[in-house]
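Asks: Structure below; questions to follow.
The values are calculated or read from the model by the stated rules, or taken from the named source; none is laboratory data. This structure is a prediction, so every number in the text was calculated from the model and none was measured. Quick reminder, even Gly has a Cβ in these numbers, built from the backbone with ideal geometry, and neighbours come from all protein chains shown.
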Amino acid sequence: MATFLYRIGRWAFRRRRLVTALWLGVLLLAGVAAAMAPSGQDEDLSMPGTESQKAFDLLDERFPQSNSQGAEARLVFQAPDGQRVTAAENKAAVERTLGSLKEGEQVASITDPYETGAVSKDGTIAYSTITYTADAVDLTGPTKSSLEDAAGKARDAGLTVEIGGSALDSDEEPGGTTEIIGVVVAGVVLVLALGSLVAAGLSLLTAFLGVAIGFGLISALAVPLGLTSTVAILALMLGLAVGIDYALFITSRFRDERAQGSEPEEAAGRAAGTAGSAVVFAGATVFIALVGLGVVGIPELTKMGLAGAGAVALAVLVALTLVPALLGFFGRRVLSRAVRKAGRPGNERTAAGRPGLGTRWARFVLRRPVTVLLIAGLGLGAVALPALSLELGLPGDESKSVETTQRRAYDLLSEGFGPGFNGPLTVVVDMSKSPDPQAAADRVVTTVRGVDGIASVGDPVLNRAKDTAVLTAVPKTAPTSGETKDLVHALRGAVSGAESGTGADILVTGTTALNIDISEAMSDALVPYLTVVIGLAVILLMVVFRSVLVPVKAALGFLLSVGAAFGVVVAVFQWGWAADLIGIEQTGPVMSLMPILIIGIVFGLAMDYEVFLVSRMREAHVHGASPGEAIVGGFRHSGRVVAAAAIIMTSVFTGFIGMSNPTIQTMGVGLASAVAFDAFVVRMAIAPAVLALLGRRAWWLPRSLNRVLPNVDIEGEALSRHVPAAVTVPDAAAPRLPVDWR
């Protein structure tokens, strides 16, 4: 691999104009495709195979005139203080408001609160349910505007009016102040780490190009593949982070090769062959982990994984080809100012004879490995403790800001009709095989009303064929509470007993039940997925480092960093610690998609740092260095770059915390904390401490495995045999290079 990538690096350096033109052409094509494609919108989350999803599918089949998961709006009316919505003037205002919506093209039905009894016991709050023929993603602008205009008319009449439901749900647009701050921080870190504005700009430029191409492709495929805004933002987040990092690693290795006296083209080839090999492996681990998200069986999660994997693959291709090409264009300007002033790249090897921070830290760890290991390990363990209380769920209107009309509608409905009113359960009765359909429907109603925790049960609604009945059960507790979860299980157990006596098939569904099913499926898949990921990490690292103990150490460190990240997420989003700092107004269960997503992404990123840091240690070990010297050498060459990469990635992920989308907010906090823990605590403290204690045993590999495992040569040992070695010119006699050495 190293030799192959070495040739690619040299070819891209020589053919830099062609390579740059090709990538700009791809960018142009992606932009045109995105501009011509219709805009995609969010879809409802589904979980094929669950009872809830089966019920939704049955409703679509038996009630073709309606859409079981179609858009719905609830107009919630509250009378002025001291008045009732049943007063003549207020009632007339409500009826005028609803009457103005009846002519809407996408309106399927509108309920009258005074006919359906949708008025609170104290008479101060009433609501109307407006159902639509289309999903929320397909509602037109005029349809949404008419809903908002109708609410405005009622407000003009003195009523308080809020709009709940899915009708006004909107996509989260990528880009914003916090994301820009994250990118600015990344740019500053690059300048400080590389000592060159040009080198920093090169890493940012290539990352932006890869992200722009990926975003264009996702936009172009949004409608045919059903890609949502969350999918696009996740791809943007990942592509930007790894794109900067991969370009940084190759650029940094190019500068090291120049410091050792290599000619520019040779340095580009060697950078691609060594750091490029690590980039390929690191990118492959992220790619595999993200694609593996498809085994969970949630279409939205599969799309997120595939889009993220595509963004990572693009970042790898850009780093291996465009970065060497731009190195050819920028010339000496990618070197630090000190080296450019000295006129000899070789002078970058020394810095006033004083060892760098990475070297000093490595020597400190070597002197006190047990102390460092205990402090770091126990510290991460303490941070991970809240993860034992992890509760999974899917946020609804209750998690939105009180500044939104959806949240205010949610609060009004809870005030007027009870906390469970915002999460009704739908019981679907399939009576197609029942000898007495009416008796079956009546028995189900009686059974549901007898379940403890049900506040009210509506009358059954039959389809035209009279073979399917639907009734609505309102819980006494809030949709995301643990009591409601227990109620769903109790309700399903109760109605299953009614099936045998009636011959009917009974399914419990609704948004609340579907969310519970998805959360439980994610919980069940968490341990198997984690097992697969850990097993994959051990095997891949065993191939790379030709060692048994190094991969085991890396996998255990990964578990520590992920556990600590989960602890932070639980403390912030579930317990409310520091929630005000990031604009979280309502705590509750953690996003059910979050744990597996974080495991899949952090696995790959953790392996990035492991490969870039430990590969330099193994390279020194292979060339005869003692275990301690190998650790110091790894930190001397890669410590600063890995630290800069971790700060950059943490900054990029932190930039997404300010978005209003709960999924992206949770991902931002989880990924930022996981990267920080993994890079600075696990890879830079625990890893060298463990290696110091293991000594030469760290690189032990049984002979049987040594014969079986392939040799991927990630350190580029083959380059010393197949390509000329770098020639280092003695400082005293070294000729000064011309200004333009290209």
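Asks: Just to be sure I understand, how many residues within the stretch 458-493 are in a strand (DSSP E or B) and touching a residue at least 12 places away in the same chain (Cβ under 8 Å)?
Replies: Adding up the residues that qualify gives 9.
Conditions tested, residue by residue: (1) small (Gly, Ala, Ser); (2) over 26 Å from the mean Cα position of the chain (by Cα).
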site: Ala490; (1), (2): yes, yes
site: Ser496; (1), (2): yes, yes
site: Gly501; (1), (2): yes, yes
site: Val508; (1), (2): no, yes
site: Thr511; (1), (2): no, no
site: Leu514; (1), (2): no, no
site: Asp517; (1), (2): no, no
site: Ala521; (1), (2): yes, no
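Asks: Restricting the stretch 382-435 to residues that are in a loop (DSSP other than H, G, I, E, B) and hydrophobic (A, V, I, L, M, F, W, C), which is farthest from Ser519 (Cα to Cα)?
Replies: Met431
Asks: Another question, if that's okay. Residue by residue through the stretch 367-400, note down the ones that are of a type outside the set (Gly, Ala, Ser), more than 20 Å from Ala579 (Cβ to Cβ) and buried (at least 21 other Cβ atoms within 10 Å of the Cβ).
Replies: Val372, Leu380
Asks: Scan the stretch 121-142 residue by residue and report those that are small (Gly, Ala, Ser) and either in contact with a Leu (Cβ under 9 Å, 6 or more places away or on another chain) or crowded, with 19+ Cβ neighbours inside 10 Å (or both).
Replies: Those that are small (Gly, Ala, Ser) and either in contact with a Leu (Cβ under 9 Å, 6 or more places away or on another chain) or crowded, with 19+ Cβ neighbours inside 10 Å (or both): Ala126, Ser128, Ala136.
Asks: Which residues, taken from the stretch 283-318, are farther than 22 Å from Ala212 by Cα and free of Cβ contacts under 8 Å to residues at least 40 places away in the same chain?
Replies: Correct list: Gly294 only.
Asks: Looking only at helices (runs of 4 or more DSSP H) that fall completely inside the stretch 156-274, which ones have 2 or more residues that are within 28 Å of Gly294 (Cα to Cα) and touching a residue at least 12 places away in the same chain (Cβ under 8 Å)?
Replies: Here the list reads 197-225, 229-259.
Asks: Going by the conditions given, is Ala625 part of a helix (DSSP H, G or I) and out of contact with any Ser or Thr (no Cβ under 9 Å at 6 or more places or on another chain)?
Replies: no
Asks: Now for a different question. For the stretch 512-542, what are the residues that are among the polar types (S, T, N, Q) and over 17 Å from Pro299 (Cα atoms)?
Replies: Thr512, Thr531
Asks: On the given criteria, is Gln69 at pLDDT 90 or above, outside the structural domain of Val428 (by TED's automatic domain parsing), of a type outside the set (Asp, Glu) and assigned to a loop (DSSP other than H, G, I, E, B)?
Replies: no
Asks: Another question, if that's okay. Residue by residue through the stretch 501-540, note down the ones that are among the hydroxyl-bearing types (Ser, Thr, Tyr) and either without any contact (Cβ under 8 Å) to a residue 60 or more places away in the chain or in a helix (DSSP H, G or I) (or both).
Replies: Result: Thr502, Thr511, Thr512, Ser519, Ser523, Tyr529, Thr531.
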